[in-house]
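What follows is one structure encoded as C-alpha cells, with my remarks underneath.
Please treat every number below as a calculation from the coordinates, not as lab data. Since we're looking at a predicted model, the values are computed, not measured. No Cβ is skipped: glycine too gets one built from the backbone with ideal geometry, and neighbour counts run over all protein chains shown.
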Amino acid sequence: MQKKNQLLFFLQKKRGHERIRTAVKGFADLCLATRPRDLLFKVVQRYNNIFYQTSMQDTFKHIGLRMALVEQLRKKGISDERVLAAVSAVPRHFFLDSAFAEHAYQDKAFAIGEGQTISQPYTVAFQTQLLQIQPGEKVLEIGTGSGYQAAILCHLGAKVFSIECKRKLFLQSKKVLSHLRMKLTILFGDGSVGLPSQAPFQAILVTAAAPAVPQALIDQLDEGGRLVIPVGNLEQQQMLRITKKNGQPVTETFDIFAFVPLTGKFGWNSTK
Ligand code: SAM
C-alpha cells in the first residue's frame, strides 16, 4: 500500500514521462506478482490520463514555431490576416501523436493513422481563405481527420459541423477538440451526402478528393454560400470554389492539390 501511495504521489507530480513510465513499470511488476490486477488497471489508467495531459502543453517554443509557420504561409501567398491569426492561435501539435510533435510546425501533411493525414498547413490556410468565413456562419466540414481544420474554422467564429467516416479518428478528434474547449458538432458517418438536417450552410468544405461535385452539397448551400472542394482523380485534384448566386452554382478554379480520397455515396466507393 505504501508503494502504491508513493507511485500515485509521483504521478500527481508529473515529473517527466520517462520517470513516470519507469515508476509505472516497476509498480506493474509488483502488482502482477502480489496485488489484484484491477489495481494495476487503475494505476495504468491514471498514468494514461496524466500522460495525455502532460503531452497537451503549449509552450513558448510551440508558439515561436507557429509564428515561423505563419511567416512561411504569408510568403506562399496566404494573405487573409484572420486565417493567419487562426493558424498562429491553434496548437497543431495537439492534433498529432505526441511522438511526432516536432513535425507539427513544418509545412507538410502528416499521417494520423487509418491511412489518413492531417492536411498540410498551407492547404488548410488556402481552403480556409477561399471559404471567406464570417463569424456566426454555419459551416460544414467533410473529413474531420485530426480535427485541426475544424479548430481553425471554430477560431474564425464559425458554427462548425464536421463529419468523419473513420470511427477511430472521429473519437480521437472529439477528444482533442473538447480538451481545447472548442464548441462544435462532430459527427460520425458518410459526409459525401452532406448534412441535410442542418442545411442550409453558408460554407461547406471538403477535405478529401472528390471524383465530382456532389449535387447534394450544392443543394445544401445557402444563397451566397461557398463550397470549397478538391475535384479530380486519385493522384491530383483541382481546388474548386462554387458559390450559389441567384440559386445557381458559379464555379471558380484554383491550384492543383493531392488529397486522400473521399469515400461514401458520392466518393470513390460509390455504387450510385
Ligand atoms: N481536415 C482534416 C484535418 O484537419 O486533419 C484532414 C482531413 S484528411 C486529408 C481527409 C479525411 O476525410 C480523412 O480523415 C477521411 O477519413 C475523411 N473522409 C473521407 N471520405 C469521407 C466521407 N465520405 N465522410 C466523412 N469523412 C470522410
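Some notes on this structure:
- Whole-number D in µm² s⁻¹ for the range 119-257, Kirkwood Cα-pair radius fed into Stokes-Einstein, 10 °C, 1.306 mPa s: 107
- Computed from backbone phi, the HN-Hα couplings of the range 242-255 come to 10, 10, 8, 10, 6, x, 10, x, 10, 9, 10, 10, 10, 5 Hz, rounded to whole numbers (Karplus: 6.51 cos²θ - 1.76 cosθ + 1.60, θ = phi - 60°; Gly and Pro given as x).
- Qualifying trypsin sites (Lys or Arg not before Pro) in the range 126-223, DSSP loop, other Cβ atoms within 10 Å at most 15: ARG181, LYS183
- Computing FRET efficiency as 1/(1 + (r/R0)^6) for PHE100 and SER79, where r is the C-beta to C-beta distance and R0 is 22 Å, gives about 0.15.
- Neighbourhood net charge (12 Å Cβ-Cβ; Lys/Arg +1, Asp/Glu -1) for LEU171: +3
- Cα gyration tensor, the range 49-146 - rounded (a/c under 1.5), prolate or oblate: prolate
- Given R0 = 22 Å, the distance between the Cβ atoms of ALA89 and PHE60 translates into a calculated FRET efficiency of 0.90.
- Distance in nm between pseudo-label sites at ALA68 and ASP222 (7 Å out along the Cβ direction from Cα): 4.0
- Under a model in which nothing but the beta-carbon of Lys, Arg (+1) and Asp, Glu (-1) is charged, the range 117-257 shows a dipole of about 560 debye around its Cα centre.
- For the range 146-230, chymotrypsin sites (Phe, Trp or Tyr not before Pro) meeting the loop criterion (DSSP other than H, G, I, E, B) and having at most 12 other Cβ atoms within 10 Å: none.
- Overall form of the range 131-180 per C-alpha gyration tensor (a/c, 1.5; a/b vs b/c): prolate
- Taking each residue as 0.36 nm, the span from GLU114 to ALA212 lengthens on full extension beyond its C-alpha to C-alpha distance by 32.9 nm.
- Other residues within the sphere of radius under 11 Å centred on the Cβ of ALA89, judged by their own Cβ, net out at +2 (K and R +1, D and E -1).
- Each part reduced to its alpha carbon centroid, the range 189-239 and the range 111-139 end up 13 Å apart.
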